[in-house]
Amino acid sequence: MARAVLCMAIACILVQCALSQNYDKENRRLILQIKDQKTTNQQYYSSNFDTNAYRYGYDIGKTGNFHHETRGPDGVTYGCYGYVDPYHMLRATHYVADTHGYRTVEPQKPVEVYPVYGEKGHGVILQWDELYFPIGCGKFEGGARPEFPVLNLGDVR
């Protein structure tokens with residue numbers, strides 16, 4: 001009996017996952033959006049199999065934890081992660097990952113990236129608004145969601 005209940009539960013989960021994903025055959029993309037009905041938690045994932053581009057992220061409503069990441073058309077990965085601390089301060093880290101590895105970057109400042117398709121060893125300096133950061137990563141004035149004050153790690157002495 002317990003085995004039958006377990007099999008039924010697994011089948012229900014698989015059906016829900018299958019219904020919540022969307023495979024776009026024409027553009028060879030997978031799009032997945034997951035919302036937890038009992039909480040404010042959200043997750044998303046999409047990818048383009050031809051270009052190797054992808055987007056994914058999650059927000060955990062109760063704790064304020066988040067992580068968002070995308071691979072831009074330049075082959076560089078852009079992302080952010082963080083949380084809201086007990087004093088309601090947003091603690092966020094923004095980063096890029098390219099042919100020179102993983103590096104943290106400061107919001108609203110120019111960033112030198114080393115695209116996969118660029119000349120070897122030569123970087124390109126881009127302004128903040130030219131970078132391919134996901135919306136969840138501070139495409140807001142000041143680089144953060146407006147409902148939270150920001151404290152950068154460099155501010156702590």
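Nothing in this text is a laboratory measurement; each read-out follows from the coordinates by a stated rule. As the structure is a prediction and not an experimental result, all values here were calculated from the model. Methodologically, a virtual Cβ is constructed for each residue, glycine included, from the backbone with ideal geometry; neighbour enumeration extends over all protein chains shown.
At-a-glance table
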| read-out | value |
| --- | --- |
| Ranked 120, 109, criterion: other C-beta atoms within 10 Å, fewest first | 120, 109 |
| Residues 137, 80 arranged by fewest to most Cβ contacts within 10 Å | 80, 137 |
| Karplus 3J(HN,Hα) series, Hz, for region 77-94 with 6.51 cos²θ - 1.76 cosθ + 1.60 (x for Gly, Pro) | 9, 10, x, 8, 8, x, 7, 9, 6, x, 9, 6, 9, 7, 10, 10, 10, 9 |
